[in-house]
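Coordinate-derived values only; no laboratory data. Given the structure is predicted, the values throughout are model-derived calculations rather than measurements. Because the Cβ atoms are built from the backbone with ideal geometry, glycine has one as well, and the counts that use them run over all protein chains shown.
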Amino acid sequence: MDFQISISGFVALYIFMLAAFAGWVIIGHVPAILHTPLMSGSNFVHGIVVVGGIYALLNASTVQEQVIGFFAVLLGAGNAAGGYAVTDRMLAMFKTSDHPATHTGHGKAARVKSIHAKKQ
Amino acid sequence: MLTLIEQIGIGAADLAAAFLFLYGLHRMSSPVTAPSGIFVAGIGMAVAVLASFLYAFGVGTAARLNLPVNIGLAVVALGLGGGAAWWSGRKVAMTAMPQMVAIYNGMGGGAAGAIAAVELFGNKTQGMTELIVTLLGAVIGAVSLSGSLIAWAKLDGVIDKPFRVKGQQACNALVMLATVAIGAYIVVGSADKAALLLAMPTTIYLFFGCALALGILMTLPIGGADMPVVISIFNAFTGLAVGLEGYVLQNPALMIAGMVVGAAGMLLTLLMAKAMNRSVSNVVFTNFGEAAKHKQGKIKGSLKPMQPGDAGIAMRYAASVIIVPGYGLAVSQGQGKLFEFVKVLQAGGVSVKFAIHPVAGRMPGQMDVLLAEAGVPYDLIVQMEDVNDQFANTDVALVIGANDVVNPAARTDKSSAIYGMPILNADQAKKVLVIKRGEGKGYAGIVNALFYAENCDMVYGDAQTVLIKMIEAVRGLNLPAVA
């Protein structure tokens with residue numbers, strides 16, 4: 001068995017096409033009220049670029065590559081950590097009237113109902 | 001080369017990360033499940049980052065000697081970048097969220113550009129396709145980095161005016177052409193070294209210089225109220241750049257995450273542009289909001305000022321009130337006082353709702369977040385398409401720091417710059433009250449016919465100060481609370 005990943009030509013295009021479609025459909029379902037956390041959340045997701053940065057830095061053979069690689073990881077880590085911090089903070093703020101101060105399961109059914117009612 | 005075990009480790013971790021990102025974003029489609037959604041995505045990120053250190057086992061001979069140093073550098077960079085961003089993300093005020101998101105987004109674009117730079121300087125790409133994809137990702141990432149920084153400066157008030165000169169578009173087009181030309185030159189030069197006039201590293205520096213300049217020049221002329229579109233575009237750009245570099249690094253997790261965000265950003269961009277009845281290229285390439293050159297239909301009526309206290313009491317005696325908050329509310333930091341006023345009204349049995357225009361604020365959905373921060377339950381917040389036919393049955397529409405999004409000229413005046421833009425039908429309410437700092441015009445630079453309408457009264461002053469007076473006036477009535 002070979003687990004070496006090798007993506008070329010059309011396989012890459014298939015991956016891009018399916019991912020773009022998935023993104024479009026998933027985001028299309030997000031209500032406008034959540035658009036800011038959604039944007040910072042998707043901002044967090046492209047923070048995965050830090051993985052590419054780590055790869056580039058570990059494989060750096062010259063000082064120049066080390067310096068640029070260092071910045072790639074620094075910036076990527078900032079993207080990921082910052083995106084997570086602000087998204088998490090914002091999402092914790094959304095409350096309903098029935099149970100303003102809690103995030104527990106109480107009144108969950110009612111909340112879900114009111115959201116579904118709003119969608120229609 | 002990586003051994004089988006490391007290949008499986010990295011592969012499985014990245015597969016899990018890609019799934020957790022998609023599932024996490026999916027959970028974000030409802031305010032109830034959204035907090036767990038970001039947590040799920042966070043786990044995906046942690047798994048992928050930890051597994052990426054397995055790459056250390058597969059570095060080539062050239063980098064083998066540097067490995068201990070490189071691992072140390074990676075850990076330091078992770079700690080520094082992650083720590084600083086985490087700290088700033090925890091501290092930043094909610095009103096400053098758009099510029100914060102712009103910064104984080106620029107960092108992602110910069111990281112993608114830096115990865116491309118390592119590939120280019122180290123001459124690591126194999127074949128023409130990979131080289132072209134690397135260059136493409138480099139341009140998009142660099143544009144996103146410098147453009148986001150300009151967007152940050154504008155949102156933060158460091159740059160407070162759109163910068164516009166004659167011939168700007170021609171200049172931007174030239175810089176774009178130069179970037180493409182240098183890119184093509186790198187592709188040719190890498191195949192045939194003799195074709196190069198300049199040394200390769202110099203050419204690569206020039207390439208990145210042009211790309212960064214392009215991002216700056218593109219963003220400088222765009223005005224503040226168009227920022228929801230701009231931030232969405234750069235978010236999509238960074239996603240694309242990450243996806244493309246993912247292909248170069250043969251990492252499907254980067255490809256999937258990048259492209260998902262790219263598509264998401266595009267969708268949001270189109271939604272925002274649609275909410276302004278403008279095309280994306282119109283937002284990016286035209287200088288909107290310059291002194292209105294077109295003729296404006298004559299406006300009948302006059303502005304009728306009203307005291308804050310009287311306005312507050314009028315609302316207390318209404319049966320229903322719909323509040324239209326705009327960016328002006330955020331500027332005066334009046335969200336908290338607004339919710340206090342709403343609670344005073346509710347205690348008197350008044351039915352209160354918030355109506356949000358899609359482009360209210362400086363990024364998509366910003367008003368929703370600001371109201372949520374002030375404690376407003378989200379079931380009181382209604383989006384434009386759901387609330388518009390309710391205005392006609394409403395006693396009072398209270399417009400706070402919003403202007404163009406309630407201008408009825410968008411429906412009626414074909415000569416208006418905002419004609420055709422979907423607006424909130426606040427003018428159809430029995431009574432309209434407008435809290436506004438002065439008689440100035442809105443972002444589009446046009447007079448708002450609503451303010452002159454028969455059923456409209458103006459309450460002048462800073463939103464927060466006015467709201468405090470309104471609360472005092474209603475409390476001063478000493479009316480019994482209605483259950």
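For region B:96-291, state the average projected area of the convex hull of the C-alpha atoms over all orientations, rounded to one decimal in nm².
Working: hull surface 45.2 nm².
Seen from a random direction, the Cα hull of region B:96-291 projects 11.3 nm² on average.
Report note on the peptides B:158-168, B:51-61: ranked by the mean count of other C-beta atoms within 10 Å, highest first, their order is B:51-61, B:158-168.
Would you tell me the mean number of C-beta atoms belonging to other protein chains that fall within 10 Å of each C-beta in B:120-133, as a whole number?
Counting Cβ atoms of other protein chains within 10 Å of each residue's Cβ and averaging gives 2.
Projecting label points 7 angstrom from Cα along Cα→Cβ for B:ASN123 and B:SER279 puts them 4.4 nm apart.
Estimated from the Cβ-Cβ distance and a Förster radius of 45 angstrom, the FRET efficiency linking B:ARG411 and B:LEU206 is about 0.35. Using only Cα coordinates, the Kirkwood hydrodynamic radius of the protein assembly as shown works out to 25.4 Å.
Note on region B:120-215: percent of Cα-Cα distances in each 5 Å bin, starting at 0 and stopping at the bin with the largest distance, equals 2, 13, 20, 21, 16, 11, 7, 6, 3, 1. For B:TYR460 and B:LYS430, the FRET efficiency from 1/(1 + (r/R0)^6), where r spans their Cβ atoms and R0 equals 25 Å, is about 0.70.
Placing unit charges on each Cβ (+1 for Lys and Arg, -1 for Asp and Glu) gives the protein assembly as shown a dipole about its Cα centre, and among B:ALA48, B:GLY223, B:GLY336 the Cα reaching farthest toward its positive end belongs to B:GLY336. Distance between the C-alpha centres of region B:92-118 and region B:383-402: 36 Å, rounded to the whole angstrom.
Using a 10 Å cut-off on Cβ to Cβ distances, tally the other chain neighbours for every residue of B:46-54 and report the average as a whole number.
On the way: counts 2, 0, 6, 10, 1, 2, 10, 4, 1.
Partner-chain Cβ atoms within 10 Å, mean over residues of B:46-54: 4.
Note on region B:34-143: along the principal axes its Cα atoms extend 47, 31, 23 Å, ordered by decreasing extent. Adding -39500 (n - 2.57) for every DSSP H run of four residues or longer, then dividing by how many residues the protein assembly as shown holds, sets the calculated 222 nm ellipticity at -20000 deg cm²/dmol.
What average number of partner chain Cβ atoms lie no more than 10 Å from the Cβ of the residues making up B:364-376? That works out to 6 on average.
Taking N as the number of residues in chain B, what value does Rg over Cα atoms divided by 2.2 N^0.38 Å take?
Working: Rg = 26.4 Å, N = 483, 2.2 N^0.38 = 23.0 Å.
Compared with the compact-globule rule of thumb, chain B sits at 1.14.
Highest mean first, the peptides B:42-49, B:380-387 sorted by other C-beta atoms within 10 Å per residue fall in the order B:42-49, B:380-387. From most to least packed by mean Cβ count within 10 Å, the peptides B:201-207, B:420-426, B:145-151, A:4-10 give B:145-151, B:420-426, B:201-207, A:4-10. The simple Förster model, with R0 at 60 Å and r as the Cβ-Cβ distance, assigns A:LEU18 and B:ALA392 a FRET efficiency of 0.85.
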